Every structure is written in C-alpha cells, then in structure tokens.
Amino acid sequence: MIQNNYQGAFQYPIGTGFNAQSTTTDVIKGIDLTGKIAIVTGGNTGIGLETTKALAVAGATVIVPARDLEKARRNLQGIANVEIEAMDIMDPASIDTFSEKFLSSCRPLHLLINNAGIMWVPLRKDQRGFESQLATNYIGQFHLVAKLWPALKQANGARVINVSSLGHHIAPFNFDDPNFEHCEYDTLTAYGQSKTASNLFAMELDNRAKGYNVRAYSVHPGSIAGTELGREASVELFQKMGFLDESGNMRPEILATLKTIPQGAATTVWAATSSELGNIGGVYCEDGDIAELLSTPANAKLHQSGVQQYSLDENSAKRLWTMTEKMTGLQFMIN
C-alpha cells in the first residue's frame, strides 16, 4: 500500500468543491480550533496576516514571529488570541532563540505555517553565505521545523504548511551550485529553486514524520494583488514573466487571474485545517484542493497550474534533506 507522495502518488484533486475564488471564510467554516496552538511566520502582512486572522477567529492561539515588532503590533492590533515574538527567518541564532522560548512554555504545536518568504530580489547572501531567497524560502523553514519538532510531536496531531509557489516551475533545485558561487546569479532561477526545495522538504518531512501524527503540505496561494512580495522586482522582470505588456501595463489575462488576499490565504488555511485530507500528506495544493501532477514540463510562467514532477522526486527529496543538514550543521532526526 502506498504511504507517501513520492513521484506524486497522491497528487490529484479530491473534489473539495473549493476553487480559486474560495476565501479563508469559506474553507474554515464550521471548524473549531479552540485549544490549538499555531505559529505563522510572516503572519503580520499580506496572506500571512489573513491566515493569522482566520486561525485566531476559529479559536486558535496564534504566535507570530516577526523581524519588525512595531510593524507587527500595528498590523495585528485588535486581533484576539495573538502573541508576537521576535524572530528573523534568515538569522539562525534568532530562530534558535525563538524556538527555545516556545519550547520552554511546554505547549504543543498543532499548526506551523511557514509563510514568510521573499521574491525576485537582487543577489544577497546571509552570514553563512546562503543566497537570500534560498535562505528565507527554504532553509529557514527547515531550521524552524527541526527546532520545533518536539512541540509538533507533542501535539499528537500536527500539520506543517510550507507556503510555496507556482514559481517552482522556473527551476529544479541546483545541487551543484545552490548559492550561485560558480554561475551568474538569476533572481528568477533562485526563486524557483527555493520553492522547489520547499516542496521537496514538505514531502520528505511528511514521510518521515507521519508515524508521529505530524503531516506536512506545500501550497501555492496564487497570484495575489495587494501584497508586499514583489516590491523589489523591476518592471522588466514582470515583463519577462509575462505579467506586464511592452508598455508596463498588466495583461488582461493576468489581471483576470489575480486573487484577493482572503482568496490567496484560503489554500493555506484549508491545508492546515481540513479533514478532507484525511491520511493524505506530502502533497502540493492549490485553489483549495490537491493540485494536478504535470505530465510534461511547464514553460516557466507563473500563471499556470499544477506541480512539477521534479519537485516530488524521492531521490531529490532525500538528497536535499542530507545536504541541508550538512549546510546548516543541523541534525534533524525524526524520533
């Protein structure tokens, strides 16, 4: 009997009835999270803020680690059941400090939403020499999950959600040069490989952790209007990706696909709370359902759908886990 999503074994829609227009209110209707503890990285802006609101309204206690505490306090003001803590997802010492403080509270962790991310930025590296999109969109996720593993296991029914992207279509993970030390930096390629890594991590984590009743998922929120994610991207970059025409105007076919923030956060909230997933884990989700597995490579445009086979490859997932342990000096033992 198949027990994992390697090679996309479970990667097909299950007919939830939700779609691209579904909102967080739709997907969480009737769900009571009273007594549950959630952590949402990047939970004070954009779809992260909407995710925090939805979980808190449903009764969960939501902890939001933030780099800018003042901004977080402003944005989260008036939302009940929210705790704000300091953390910078690119700083390993900061992740350690945050995690140790949470573990010292002896609380279980039912939901870990790895929402924080950056996109299409110039070449930057963290203090370890890791390219910034990889460090933020994947390595920070791995580090945080590893450190919080005891609390996830303690919950006896936890979920980890990695907010990924259709941007994984742009590139597989480059095992030979992930930090662009030997080739010219391309921000789109860097973004793509970071999201592929996030997908591979969710799948491998799920396979290793399911015996402890911890399941993991990756989600594509969609192309969303009104977030800060693309603030550093140039007009030329958006044109290269097919979002803008030669005059710098949004193409009508792209405009028609843009989601609102409540629609963009819906798949995250659905994957975190839905009973429909049952015993299914390690899958890539979009539009409030499990996404289709692509049979042929996409052409690197972010307004398509589905998941690439290379981001659900068993050998790549295992290789990436081992490589990340070596890169970070972390030993993430599931036991």
For 189-196, 100-107, ranked highest to lowest by mean beta-carbon neighbours within 10 Å, the order is 189-196, 100-107
Mean Cβ-within-10 Å packing, highest first, puts peptides 56-66, 12-22 in the order 56-66, 12-22
Which residues qualify? For residue 63, with a placed amide H closer than 5 Å and at least 5 residues away or on another chain, they are 38, 39, 40, 83
Full extension between residue 29 and residue 93 adds, at 0.36 nm per residue less the Cα distance, a length in nm of 19.2 nm
Hits for the chain under the membrane-span-like helix rule (DSSP H, Cα axial span at least 15 Å, Kyte-Doolittle mean at least -1.0) are 46-57, 92-104, 140-155, 187-209
Shape call for the range 85-170, from the Cα gyration tensor axes a ≥ b ≥ c (a/c under 1.5 means rounded, otherwise prolate when a/b beats b/c, else oblate), comes out oblate
Burial-style ranking of 209-217, 113-121, average other-beta-carbon count within 10 Å with highest first, yields 113-121, 209-217
So for the range 43-109, using the alpha carbon gyration tensor with a ≥ b ≥ c as root eigenvalues (a/c under 1.5 gives rounded; past that, a/b versus b/c decides prolate or oblate), I'd call it oblate
For the residue 104, residue 21 Cβ pair and Förster radius 51 Å, calculated FRET efficiency rounded to 0.05 is 0.75
The size of the Cβ-based charge dipole (Lys, Arg +1; Asp, Glu -1) of the chain about the Cα centre, to the nearest 20 debye, is 860 debye
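Here, each number is a calculation from the coordinates, and none is a lab measurement. This is a predicted model, so every value here is computed, not measured. Quick reminder, even Gly has a Cβ in these numbers, built from the backbone with ideal geometry, and neighbours come from all protein chains shown.
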